[in-house]
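The structure is given below, and queries will be raised subsequently.
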Amino acid sequence: MVSYPALLAVGLSPVAANVTNTVGITFAGVGSTLGSRPELTGQRARLRLLGATAVAGGLSGAGLLLVTPAEAFEKLVPFLIGGAALAVLARPRAHLDVTPSPRDQVLQVVGIFLAAVYGGYFGAAAGVMMLAVLTLTSAELLPRSIALKNVLLFGANAVAAVFFVVAAPVAWAAAVPLGAGFFLGGRLGPSVVRRAPARPLRLFIAVAGLVVAARLAVTAYG
């Protein structure tokens with residue numbers, strides 16, 4: 001949510017900034033997956049199902065980006081980010097650690113696929129959207145949901161990044177240092193999540209998403 005506006009600020013076009021951001025974010029997934037191993041314990045079955053779902057969604061979204069008019073892309077993004085941020089605030093059940101109901105499991109698969117399509121289409125704040133899906137369809141503790149989100153987002157971003165490297169304009173001068181910073185932040189982030197209280201953390205994520213949505217709306221419609 002910070003890096004995409006930063007790339008716009010240094011002169012990249014919206015599509016080039018999005019493509020470069022997605023390539024860089026992939027390295028955050030590597031770091032955060034390595035740092036989230038304690039919270040991933042016991043989630044292997046969910047990882048297999050939702051991981052395949054996320055990869056399929058990420059590839060679909062990457063293909064969709066390349067056929068979407070740039071103007072339509074720029075005007076749609078603020079609403080997607082704002083909706084995801086509000087969904088995180090609507091999170092009710094983090095205090096229980098139980099298996100989702102069959103209905104919630106179906107909603108979770110569908111929601112993760114759509115969030116991964118969004119992630120492949122537009123990397124910024126895709127993690128907020130995935131976290132919203134997981135927390136609204138499961139009663140897992142927040143750190144475990146964040147750990148699962150980290151792996152799923154990595155899968156969606158990685159397949160989209162490979163697609164973009166082949167078929168889209170990646171600004172490598174920005175992608176390389178961005179990737180290094182993302183890896184470091186991704187590696188340290190899970191340690192922060194383990195120690196941070198859930199409610200303030202959720203509020204911080206939501207407010208950050210709304211601020212970015214408002215900033216991008218001003219750019220798109222101003």
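Beyond 13 Å, what share of the Cα-Cα pairs of region 169-216 is found? Please give it as a whole percent.
70 percent
Right, here's the next one. Considering the dipole of the chain built from charges on the beta carbon (Lys and Arg +1, Asp and Glu -1) around the Cα centre, which of 21, 139, 81 is farthest to its positive end?
Positive-most Cα among the choices belongs to 139.
In whole Hz, what ³J(HN,Hα) sequence does region 179-191 give by Karplus (6.51, -1.76, 1.60; θ = phi - 60°), x for Gly and Pro?
Once rounded to whole Hz, the list reads x, 5, x, 4, 4, 5, x, x, 5, 7, x, x, 5.
Could I ask something else about it? Length gain on complete extension for the stretch residue 107 to residue 86, per 0.36 nm per residue less the alpha carbon to alpha carbon distance?
So the chain would gain 5.7 nm between residue 107 and residue 86.
Also, quick follow-up: So what is Rg over Rh here for the chain, counting just Cα atoms and using Kirkwood for Rh?
A ratio of 0.95.
Evaluate the charge dipole of region 3-221 about its Cα centre and quote only its size in Debye, nearest 20, assuming +1 on the Cβ of each Lys and Arg and -1 on the Cβ of each Asp and Glu.
Here the size comes out at about 640 debye.
Evaluate E = 1/(1 + (r/R0)^6) for residue 37 and residue 195, where r is the Cβ-Cβ distance and R0 equals 22 Å; express this FRET efficiency to the nearest 0.05.
Taking R0 as 22 Å, the efficiency between residue 37 and residue 195 is 0.85.
Every number here is computed from the coordinates shown, using simple stated rules; none is lab data. Keep in mind that what you see is a predicted model, and the values were worked out from it rather than measured. No Cβ is skipped: glycine too gets one built from the backbone with ideal geometry, and neighbour counts run over all protein chains shown.
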